[in-house]
Amino acid sequence: AVSSAPAQAATSSITVDGSQGGRTFDGIGAISGGGGNSRLLRDYPAAQQSQILDYLFKPGYGANLQLLKLEIGGDANSTDGSEPSIEHSRGVVNCNAGYEFWLGEQAVKRNPNIGLYGLAWAAPGWINGGFWSTDTINYLVSWLGCAKQHGLNIKYLGGWNERGHDVNWYIQLRSALNSAGYSGVQIVADDSGWGTADDMASNSAFNNAVSVIGAHYPCQGDGGPATSCSSTATAQNNGKPLWASENGSQDMNTGAPALIRSIVRGYTDAKLTAYLNWPLVASIYPNLPYATVGLITAPSPWSGQYSVGENTWATAQVTQFAQPGWKFIDSASGYLGGSESNGAYVSLKSPNGSDYSTVLETTTATAAQTVNLHVQGGLSTGTAHVWATRVNSPSAATDFVHTQDVTPSGGSYSLTLQPGYIYTVTTTTGQGKGTAAGPAAHALALPYSDTFDNVASGAEAAYFSDMQGAFEAQPCVGRSGQCLQQMAPVKPIEWQDDSDAFSLMGDTTWSDYTVQSDVNLRQAGTVELLGRAGPQNRPQSHQAAYELRVSDAGAWSIVRSSTAGALTTLASGNRTALGTNTWHTLALGFSGDRITATADGSTLGAVNDSTYPAGQVGIGVVGYQTDQFDNLSVTANP
Ligand code: 147
């Protein structure tokens, strides 16, 4: 038998020297978008909504985020949903579209210094010439105007998420921003890879247009998620800030070791000075992809239940101790005991040259180790406060704990580090750990109904989570009151694959019920009512559900769609034409294996199928007609 050698107790000596320097720290943040991941937060009860926002943004309370990237919605799916565009049709701008401006306002209210960053995944289909067009540039300028109307000062703007770059487009974007009064907005390129830096090196106009070189997932690492990070020599030699402008995609608890490694080793390995986690929150339905990925989960707007993830406390170990504008100290950053298996550390100093914070992570260590710190060069040699989070085996009792205060002797002190932890030693004070907690989750009660009459034009209806296209309230056509209308009249410039425009709503545990809605087909085509909608795989067409489809000509079908994207027609037929611009009532009922479809109260057909026992309801259109829906109801069946 081979036994592994006992782990050696490493010892590290770190001289935190205020006369030494390094790059400027730009902040730690997260991404709302890419996409739909903040949708349900908008509909949370006020008390829990505020608590969640506090955990994300309030200084000295939780994640204390310093950067926030907001999706510039484009009416097409960008991972967990489709975020609405401010301009579904050319020239018709609705600055109240969606929830990202609202989120930005909430963030700024809590932390006026937060750096806001806009990025598009998709764009509306009226744009001519594809994404890299002048239309898109003008559209982004309109979006900045909307942000300004909301009192939001956008500090950073990107191009097209993970779709590379068009050098001339960025150059034109820079001059368009300058002409429109946004010379202060810094362009990030290209939210894909480090190849941006190569093109910047060979094109000075492009180099001048770009302020920040942002690459995605530079910290996936060789040995699993984020054990190391990389950037290129060309990028490092450019001199402009290098960011992990997206990284993460890890579970909110088990992903926390990778998150802190990405931040610390992002600097030691790759000189990255900002980190943006994907996503901010998983405030999405539990049947969608990445339902536990982010800093917090908040899937239940009707109950107010939420759960603060370990990623929040891993983030707090950095953000509550160093602010954008602080400087790294390169000579006090590296691997513990010189080996990445022991862990890594970075030190930062305040602009006034007196405060410092050193973040040490032992996520890859297997034994306790000793660190001898020596403080010099004008930094405070007063009390060092130690905060710790046991990140490899999360528990509330070991999250973000102020463990000790150490008085240096002649500027020197020692710490013992346990494996699987994040430690921050600091001369700063004011840190805090929030104590709010939400209620238990419960199912959304039936019967459920919504006339949409109280939903403002251009707003989303409660609990509806768009998967493709955009469903917003508008005055009903041909009757009084407000209706839900599919607002994207043509196929958007997409980010992931196409599907029908549809929106999901309600509880995944709903089982025996009838979903009913009035529909007005405003153009020729087919409308959909979804029931027992369950798991979704990427892309969004891979949605488990039953669908009732009815065309204006009267063709109907009951279809079963699968997580593999397959459509199986279970029953079909023809009825009298519904026609266009007239209201009809459709219903899809479930009772055990029995599925029944009706139109205007008469049965279209019925079929037995036991594939999906429970799931959400939904509305949709095959394609991108601007059909309307009214009086949605979900009623339990015996
Ligand atoms: C990202 C997207 O930008 C996000 O919108 C979301 O879809 C996320 C889900 O993981 O994926 O794209 C990635 C690109 C590269 C990697 C991971 C995610 N990667 O190299 O590991």
Exercise. Just the Cα atoms of the stretch 270-414: what Rg and Dmax do they give in Å?
Worked result: 17.8, 57
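I'd like the FRET efficiency for Arg538 and Ala368, computed as 1/(1 + (r/R0)^6) with the beta carbon distance as r and R0 of 30 Å, rounded to 0.05. Write out the running numbers ahead of the final one.
Values: r = 42 Å, r/R0 = 1.41.
Once the sixth-power term is evaluated, E becomes 0.10.
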Seminar exercise, completed: Once normalised by the length of the stretch 282-380, the mean sequence separation of its alpha carbon contacts under 8 Å that are 6 or more apart gives a contact order in percent of 16 percent
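With charges only on Cβ, +1 for K and R and -1 for D and E, what is the dipole size of the chain about its Cα centre, in debye, rounded to 20?
Numbers: 29 positive and 49 negative charges, 221 e Å.
That gives the chain a dipole magnitude of about 1060 debye.
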Exercise. Assuming R0 = 45 Å, what is the FRET efficiency of Ser572 and Arg90, from their Cβ-Cβ distance, to the nearest 0.05?
Worked result: 0.75
Problem set entry | Residue pairs, from the table Lys271/Lys433; Lys240/Lys327; Lys240/Lys349; Lys109/Lys271; Lys155/Lys271, whose Cα atoms sit over 25 Å apart | Lys271/Lys433; Lys109/Lys271
Problem set entry | Rough spin-label spacing in nm, given labels placed 7 Å along Cα→Cβ, for Thr563 and Ser414 | 5.3 nm
Exercise. Quick one: if you stick a label point 7 Å off each Cα along the C-beta vector at Asp405 and Arg479, how many nm between them?
Worked result: 6.8 nm
Exercise. Tell me, what is the percent relative contact order of the chain, built from C-alpha pairs under 8 Å that lie six or more residues apart?
Worked result: 15 percent
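I want the antiparallel fraction of DSSP beta bridges within the chain, as a percent rounded to 5.
Numbers: 109 of 151 bridges.
Here the antiparallel bridges make up roughly 70 percent for the chain.
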Problem set entry | Accessible surface, per residue, of the chain when the full set of protein chains is kept, probe 1.4 Å, Å² | 33 Å²
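Explain nothing, just the number: relative contact order of the stretch 49-207, from Cα pairs under 8 Å at least 6 residues apart, as a whole percent. Intermediate results must be reported in sequence, preceding the final value.
Details: 253 pairs, mean separation 30.5, N = 159.
It rounds to 19 percent for the stretch 49-207.
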Seminar exercise, completed: Carbon and sulfur atoms account, in whole percent of the 1.4 Å probe accessible area of the chain, for 48 percent
Exercise. Convex hull over the Cα atoms of the stretch 507-638, averaged projected area in nm²?
Worked result: 7.1 nm²
For this session: Could you work out how far helix 310-319 tilts from the main Cα principal axis of the chain, as a 0 to 90 degree angle to the nearest 10?
Result: 50 degrees
Seminar exercise, completed: Expressed in nanometres to one decimal, the distance between label points 7 Å along Cα→Cβ at Lys109 and Thr611 is 4.4 nm
For this session: Using θ = phi - 60° and the Karplus relation 6.51 cos²θ - 1.76 cosθ + 1.60, list the HN-Hα couplings for the stretch 157-169 in order, rounded to whole Hz, with x at every Gly or Pro.
Result: 9, x, x, 10, 3, 6, 10, x, 8, 10, 3, 5, 4
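How high is the FRET efficiency between Thr509 and Ala396 when r is their beta carbon distance and R₀ equals 30 Å, given to the nearest 0.05?
Working: r = 27 Å, r/R0 = 0.91.
So the FRET efficiency works out to roughly 0.65.
What's the extension gain from Thr24 to Ala440 if we count 0.36 nm per residue and subtract their Cα-Cα distance? Numbers along the way, then the final one.
On the way: separation 416, 0.36 × 416 = 149.76 nm, distance 4.27 nm.
145.5 nm is the gain from fully extending Thr24 to Ala440.
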For this session: Rank His542, Ser230, Phe464 by how far each Cα sits towards the positive end of the charge dipole of the chain (+1 on Lys, Arg Cβ; -1 on Asp, Glu Cβ) and give me just the farthest.
Result: Ser230
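Kirkwood Rh over alpha-carbon pairs of the chain, then Stokes-Einstein at 20 °C and 1.002 mPa s: what D in µm² s⁻¹, rounded to an integer? Could you put the intermediate results ahead of the total?
Details: Rh = 25.8 Å.
Stokes-Einstein gives a translational diffusion coefficient of 83 µm²/s.
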Seminar exercise, completed: Rounded to the nearest Å, the spacing of the alpha-carbon centers of the stretch 247-312 and the stretch 78-117 is 20 Å
Exercise. Taking 0.36 nm per intervening residue step and subtracting the Cα-Cα distance, what contour gain separates Thr134 from Gln236 on full extension?
Worked result: 33.6 nm
Problem set entry | Span from the the stretch 330-381 Cα centroid across to the the stretch 426-444 one, whole angstrom | 27 Å
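The values are calculated or read from the model by the stated rules, or taken from the named source; none is laboratory data. What you see is a predicted model; the values in this text were computed from it and never measured. Ideal geometry is used to build each Cβ from the backbone, glycine not excepted, and the neighbour counts take in all protein chains shown. Ligands, DNA and RNA are stripped out before the accessible areas are found, and what is left, the full protein with its side chains, is counted by its heavy atoms. Shrake-Rupley method; radii C 1.70, N 1.55, O 1.52, S 1.80 Å.
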